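Novice: This is the structure I want to talk about, given as structure tokens.
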Amino acid sequence: MKKVITFGSFDLFHDGHYRLLKRAKALGDYLIVGVTTEKYDEYRGKLNVVDSLMERIENVKRTGFVDEIIIEDHEGQKVEEIQKHGVDIFTVGSDWKGKFDYLKQYCDVIYLERTKGISSTMKRQKYYNIVRLGVIGSGRIANRFAPEVKFVSGTNLEGVYNPNIDSARKFAQLFELKFFTDKLECFFEKIDAVYIASPHNTHYEYIKQALQNG
Ligand code: CTP
């Protein structure tokens with residue numbers, strides 16, 4: 001018997017999920033699906049999952065393709081489950097291409113073509129507004145913040161403020177931000193939340209101004 005395993009959040013269950021599970025099942029005889037807990041999603045930066053774990057499990061079950069459902073709540077669990085269940089194939093959508101190649105030492109790894117034009121993120125936008133972030137400063141800490149914040153769902157880094165406009169421009173180009181400015185009032189108009197990455201002695205003033213600008 002050929003065992004197949006896949007993992008996901010399956011939030012706001014959609015056609016992309018359905019098609020993934022259908023093709024996963026067709027790869028073998030027995031399909032195991034790992035559904036993530038809220039805590040684990042939070043840990044990996046998915047902060048705005050809408051459906052509860054029970055609802056997500058129900059939706060996966062309802063497809064009729066799944067033989068066994070397990071709960072994923074920690075890093076490293078994929079290897080554990082593959083070994084425990086004697087899995088032959090690990091599969092996941094092509095948005096993860098290459099990311100799970102390390103599992104090839106335990107079983108086959110197959111990336112299935114992702115269904116175009118649909119995702120939980122797109123559906124979630126009906127429930128939540130994306131928080132528009134701005135960063136004050138474009139130095140060492142801001143340079144670490146910008147790539148990391150991409151992993152946090154529900155937010156988008158839109159722009160940067162620096163009284164040195166050249167520095168702001170370079171930073172905005174590097175991280176492909178929508179805007180850069182050396183005018184604080186313009187900066188606060190375009191964002192909902194601010195990350196202050198300026199020298200310490202300027203924090204108090206920037207915090208005060210951020211609060212006064214809502
Ligand atoms: N999937 C897919 N096609 C889509 C969306 C998801 O094949 N359009 C696959 C993913 O590649 C993954 C599984 O469905 O193997 C579960 O994905 P999940 O991350 O729960 O869904 P997404 O819609 O990608 O969620 P998000 O937008 O939160 O990243």
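The values are calculated or read from the model by the stated rules, or taken from the named source; none is laboratory data. Quantities reported herein were computed from a predicted structural model and do not represent experimental measurements. All Cβ positions, even for glycine, are placed from backbone atoms using ideal geometry, and neighbour counts span all protein chains on display. Ligands, DNA and RNA are excluded from the accessible area calculation, which covers all protein heavy atoms including side chains. Shrake-Rupley method; radii C 1.70, N 1.55, O 1.52, S 1.80 Å.
Novice: Could you go through the range 154-170 and let me know if any residue there is over 21 Å from the mean Cα position of the chain (by Cα) and closer than 28 Å to ARG44 by Cα.
Specialist: Filtering the range 154-170 for residues over 21 Å from the mean Cα position of the chain (by Cα) gives 160-170.
Still in the running and closer than 28 Å to ARG44 by Cα: 160.
Scanning the range 154-170, I find at least one residue that is over 21 Å from the mean Cα position of the chain (by Cα) and closer than 28 Å to ARG44 by Cα, so the answer is yes.
Novice: Right, next: Mind counting the residues in the range 181-201 that are in contact (Cβ under 8 Å) with a residue 24 or more places away in the chain and touching a strand residue (DSSP E or B) at 6+ places or on another chain (Cβ under 9 Å)?
Specialist: The number of residues fulfilling the criteria is 12.
Novice: Here's a follow-up. Let me confirm something: among ASP15, ASP11, which residue is among the charged types (D, E, K, R), under 18 Å from LYS123 (Cβ atoms), open to solvent by 70 Å² or more (accessible area, probe 1.4 Å) and touching a residue at least 60 places away in the same chain (Cβ under 8 Å)? Write out each step before concluding.
Specialist: Values: ASP11 fails: open to solvent by 70 Å² or more (accessible area, probe 1.4 Å).
Of ASP15, ASP11, the one residue that is among the charged types (D, E, K, R), under 18 Å from LYS123 (Cβ atoms), open to solvent by 70 Å² or more (accessible area, probe 1.4 Å) and touching a residue at least 60 places away in the same chain (Cβ under 8 Å) is ASP15.
Novice: Turning to a different aspect of this structure: For the range 85-101, check the following and say yes or no: at least one residue is in contact with a Lys or Arg (Cβ under 7 Å, 6 or more places away or on another chain), under 21 Å from ILE118 (Cβ atoms), without any contact (Cβ under 8 Å) to a residue 40 or more places away in the chain and among the small types (Gly, Ala, Ser).
Specialist: Yes, that holds for at least one residue.
Novice: Can you find even one residue in the range 15-36 that is more than 14 Å from the chain's Cα centre (by Cα), more than 10 Å from the ligand (Cβ to nearest atom) and over 17 Å from PHE90 (Cα atoms)?
Specialist: Within the range 15-36, not a single residue is more than 14 Å from the chain's Cα centre (by Cα), more than 10 Å from the ligand (Cβ to nearest atom) and over 17 Å from PHE90 (Cα atoms).
Novice: Let me ask something else. List pairs: first residue in the range 112-127 and more than 7 Å from the ligand (Cβ to nearest atom), second residue open to solvent by less than 100 Å² (accessible area, probe 1.4 Å) and not in a loop (DSSP other than H, G, I, E, B) anywhere in the structure, Cβ distance under 7 angstrom, at least six positions apart or on different chains.
Specialist: Short answer, once both residue conditions are applied: GLU113/SER94.
Novice: Given the conditions (1) more than 21 Å from LYS104 (Cα to Cα); (2) open to solvent by less than 60 Å² (accessible area, probe 1.4 Å); (3) β-branched (Val, Ile, Thr), report the number of the one that ILE71 does not fulfil.
Specialist: The one condition ILE71 does not meet is (2).
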